[in-house]
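Shown next, in structure tokens, is the structure this report addresses.
Just so it is clear, none of the values below were taken in a lab; they were calculated from the coordinates. Quick caveat, the model's predicted, so the values are computed rather than measured. Glycine gets a Cβ as well: all are built from the backbone with ideal geometry, and neighbour counts include every protein chain shown.
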Amino acid sequence: MVANPGAAGENAAVEIAGTIALVTGASSGIGASTARALAAAGARVALVARRADRLDALAAEIADGRAASFVCDVRDPRQIEATVAAIGARLGPVDILVNNAGVGRYLGFLESGPEDVATIFETNLYAALHFSRAALPGMLARRRGHVVNVASIAGRIGSRNHTIYCAAKFALAGFSESLALELDGSGVGVTLVNPGIVDTAFFDHGSFAAFPASARARAIPPERVAAALVRAVRRDLPEVTVPAIYTLGTLFKAAAPRIFSRVMRRFA
């Protein structure tokens with residue numbers, strides 16, 4: 001079962017085996033890789049996304065019946081509430097919530113229409129808020145659990161042509177930091193995960209045709225993010241950045257913001 005640090009606030013080992021884990025955006029990319037990694041660590045995983053065929057295929061792939069599919073449009077709060085209830089009835093109450101569902105657009109601010117804004121905020125931010133609101137009361141009542149919010153390095157450092165995406169991910173990072181303070185001593189942990197560029201279907205949207213090939217070449221496999229995520233949960237870490245070298249960028253930004261801004265304008 002999940003065992004988090006108590007009022008002392010010191011990091012303690014979190015046991016994943018025997019838990020019920022809910023992973024959003026589980027049909028591909030980081031979500032699918034995270035589901036596999038959590039199942040391998042001994043969790044039973046609720047796979048949540050819109051594409052039933054992909055969820056069913058992943059559930060069949062994961063050994064020993066350790067995964068089950070739950071079709072849900074994460075942009076619909078009513079579907080979220082019903083899905084969390086269905087998971088509880090079928091598998092048991094959620095111990096680990098991984099808010100991973102995300103989409104992006106490679107568009108400037110003035111090129112981003114109302115539908116682009118709604119899609120990005122509802123998928124990347126509001127879904128995490130709604131799933132957390134649905135799962136947290138049970139975790140708090142049991143005094144154990146863990147919430148993982150998959151943001152992005154773009155939630156710590158602004159990026160050209162990702163204005164709306166960065167706004168949503170910055171908000172998700174702020175939510176994670178504040179929630180961790182609110183839950184201190186409750187037995188429920190919070191981890192923020194900041195991936196860099198990851199080789200997933202995120203880039204399938206037509207707007208990414210203009211995304212620099214040199215940046216895309218630096219993409220890491222989603223399995224690397226999933227492994228870091230599971231390690232962070234086990235260690236009850238408040239935040240992890242993958243690859244870790246990107247942490248230097250956030251430190252540089254804080255220490256020398258004027259110089260950092262010049263570097264970003266030239267190279268980002």
- Note on the structure: When the charge dipole of the chain is computed with +1 on Lys and Arg Cβ and -1 on Asp and Glu Cβ about the Cα centre, the Cα farthest towards its positive end, among T34, G185, A215, belongs to A215
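Placing +1 at every Lys and Arg Cβ and -1 at every Asp and Glu Cβ, with all other atoms neutral, what dipole size does the chain have around its Cα centre, in debye to the nearest 20?
Values: 28 positive and 22 negative charges, 144 e Å.
With Lys and Arg at +1 and Asp and Glu at -1, about 700 debye.
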- Query: For the chain, what's the relative contact order in percent, using C-alpha pairs closer than 8 Å and at least 6 residues apart?
  - Reply: 21
- Query: Taking the Cα atoms only, what angle lies between the long axis of helix 77-90 and the longest principal axis of the chain, rounded to 10 degrees?
  - Reply: 40
- On Cα atoms only, tilt of 52-61 relative to the major axis of the chain in degrees: 60
- Taking a label point 7 Å from the Cα of L140 along Cα-to-Cβ, the residues of the range 160-199 whose backbone nitrogen sits under 15 Å from it are 178-190
- So, with points 7 Å from each Cα along the Cβ direction, the R265-L181 label distance in nm works out to 3.2
- Query: Which of P243, G18, L47 sits closest to the plus end of the dipole of the chain, meaning its Cα is farthest towards the positive end, when Lys and Arg get +1 and Asp and Glu get -1 on the C-beta?
  - Reply: P243
- Note on the structure: Taking Cα atoms, the helix 29-40 axis meets the longest principal axis of the chain at an angle in degrees (rounded to 10) of 30
- Query: For the chain, modelled as a GNM with alpha-carbon contacts under 10 angstrom, which of A232, A255, A86 fluctuates the most?
  - Reply: A255
- Message: Among F208, F170, F70, which one shows the highest mean-square fluctuation when the chain is modelled as a Gaussian network with alpha-carbon springs under 10 Å?
- Response: F208
- Task: Once every Cα of the chain carries one equal point scatterer and solvent is ignored, give the base-10 log of I(q)/I(0) from the Debye formula at q = 0.10, 0.13, 0.16 Å⁻¹, two decimals.
- Result: -0.48, -0.81, -1.23
- According to a simple spin-label model (label point 7 Å from Cα along Cα-to-Cβ), what is the distance in nm between D56 and F203? 3.1
